[in-house]
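All remarks here apply to the structure that follows.
The values are calculated or read from the model by the stated rules, or taken from the named source; none is laboratory data. Note that this is a predicted model, so its numbers are computed, not measured. Neighbour counts run over all protein chains shown; Cβ positions are idealised from the backbone, glycine included. Protein only, heavy atoms only, side chains kept; ligands, DNA and RNA dropped before computing areas. Shrake-Rupley method; radii C 1.70, N 1.55, O 1.52, S 1.80 Å.
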Amino acid sequence: MIVARTIQEIRAAVAAAKSAGHVVGLVPTMGALHAGHYSLIDAARRQCPFVAVSIFVNPLQFGPAEDLARYPRTIEADLAGCMAHGVAAVFMPDVQEMYGRPCRTVIEVPDLGRMLCGASRPGHFAGVCTVVAKLFNIVQPDVAYFGAKDFQQTAIIRRMADDLNFPLAIAVCPTVREPDGLAMSSRNAYLTAQQRKQAPALRQALVMAAVLITACRPPAGMVVETIIQHLSKRAPGGVVDYVEIVDPRELSPVEKTDGNVLIALAVRFGRARLIDNILVD
Ligand code: AMP
């Protein structure tokens, strides 16, 4: 497995793979890899003979009061995991390599990026789009893999890739969960034992709401209310950031629940902000 710390090194590795006729897959991550990340890597391995994983905690996507400095970093375990999952190259640049001179160009999908998580994390998705566009240009993969846990991120990146004609395919993989339903996340490490006990309530509330919608298509406001009540009973230690029912393509709020809808929520447990979503067909 190649460990590339510079843009030049990863480009050389990918160029060699491409000249050998290999399809190249990219899995962008911020490290602290868990089974959710490895499911993306495994999906990439099934489709691409050459899989690159990027590990970069991107300062551009963290707000000033967010957890950039304490974001978990487990680089040795990550490299061992990548090796075990058949990754061909890990690209792990430092901030200097990625932003050697301040990046003046910002890529944004303003409408999709301002709702849901964008409302409480201003600038977050511009940071994500900018780093993902850089990674696409640096690695030049044929396919890039993202997780449905970050549904809004996938919608924004798809749109960016389409709008800017990146010559690659975007693959979205299902959310991997703990046995009790909690979506795996590097930020789950911040949860106290008591918060961890309450956190599965997010998934329970989403599943309950999906069943309710499928059964009787109630108005969106009523479903939101049911979710908030469930969370206040089962996760009293959590502070709801948002619960929204939106159109899955436009991410705009809906009032009726008779078409395809996405139910998305974010809840803060102390310093951990957890997100989850469910698509209701
Ligand atoms: P992160 O390291 O948190 O930036 O995540 C890197 C990629 O892994 C993103 O595309 C995430 O959506 C994806 N991911 C994170 N957690 C999960 C999960 N539990 N299941 C599936 N994909 C995930």
Query raised in the report: Quick one: which helices (runs of 4 or more DSSP H) sit completely within segment 82-153 and have at least 2 residues that are within 15 Å of the ligand (Cβ to nearest atom), under 19 Å from Asp67 (Cβ atoms) and open to solvent by 10 Å² or more (accessible area, probe 1.4 Å)?
Result: 124-139
Query raised in the report: Any residue at all in segment 207-216 that is over 26 Å from Asp111 (Cβ atoms), exposed (fewer than 14 other Cβ atoms within 10 Å of the Cβ) and within 21 Å of the chain's Cα centre (by Cα)?
Result: yes
Query raised in the report: Among the candidates Phe166, Phe146, which residue alone is of a type in the set (Phe, Trp, Tyr), over 14 Å from Asn58 (Cα atoms) and under 15 Å from the mean Cα position of the chain (by Cα)?
Result: Phe146
Requested in this report: Sort out which residues of segment 195-206 are open to solvent by 40 Å² or more (accessible area, probe 1.4 Å), under 30 Å from Asp258 (Cβ atoms) and either among the aliphatic types (A, V, I, L, M) or more than 16 Å from the ligand (Cβ to nearest atom) (or both), and write them in order of number.
Outcome: Gln204
Report task. Could you tell me which residue of segment 178-194 is nearest to the ligand (Cβ to nearest atom), considering only residues that are of a type outside the set (A, V, I, L, M) and in a helix (DSSP H, G or I)? Result -> Ser186
Report task. Hey, could you check segment 15-46 for residues that are more than 16 Å from the ligand (Cβ to nearest atom) and closer than 28 Å to Thr175 by Cα and say which is nearest to the chain's Cα centre (by Cα)? Result -> Val24
Query raised in the report: Out of all the residues in segment 160-177, which are assigned to a helix (DSSP H, G or I), touching a residue at least 40 places away in the same chain (Cβ under 8 Å) and either within 13 Å of the ligand (Cβ to nearest atom) or surrounded by fewer than 18 Cβ atoms within 10 Å (Cβ to Cβ) (or both)?
Result: Asp163
Report task. Sort out which residues of segment 34-65 are assigned to a strand (DSSP E or B), open to solvent by less than 10 Å² (accessible area, probe 1.4 Å) and closer than 21 Å to Met184 by Cα, and write them in order of number. Result -> Val53, Ser54
Requested in this report: Among what's in segment 218-256 and is in contact (Cβ under 8 Å) with a residue 24 or more places away in the chain and of a type in the set (Asp, Glu), pick the residue that is surrounded by the fewest Cβ atoms within 10 Å (Cβ to Cβ).
Outcome: Glu255
Query - Pairs where the first residue, in segment 199-217, is of a type in the set (D, E, K, R) and the second is at pLDDT 95 or above and surrounded by fewer than 21 Cβ atoms within 10 Å (Cβ to Cβ), C-beta under 6 Å, 6+ apart - result: Arg203/Gly181
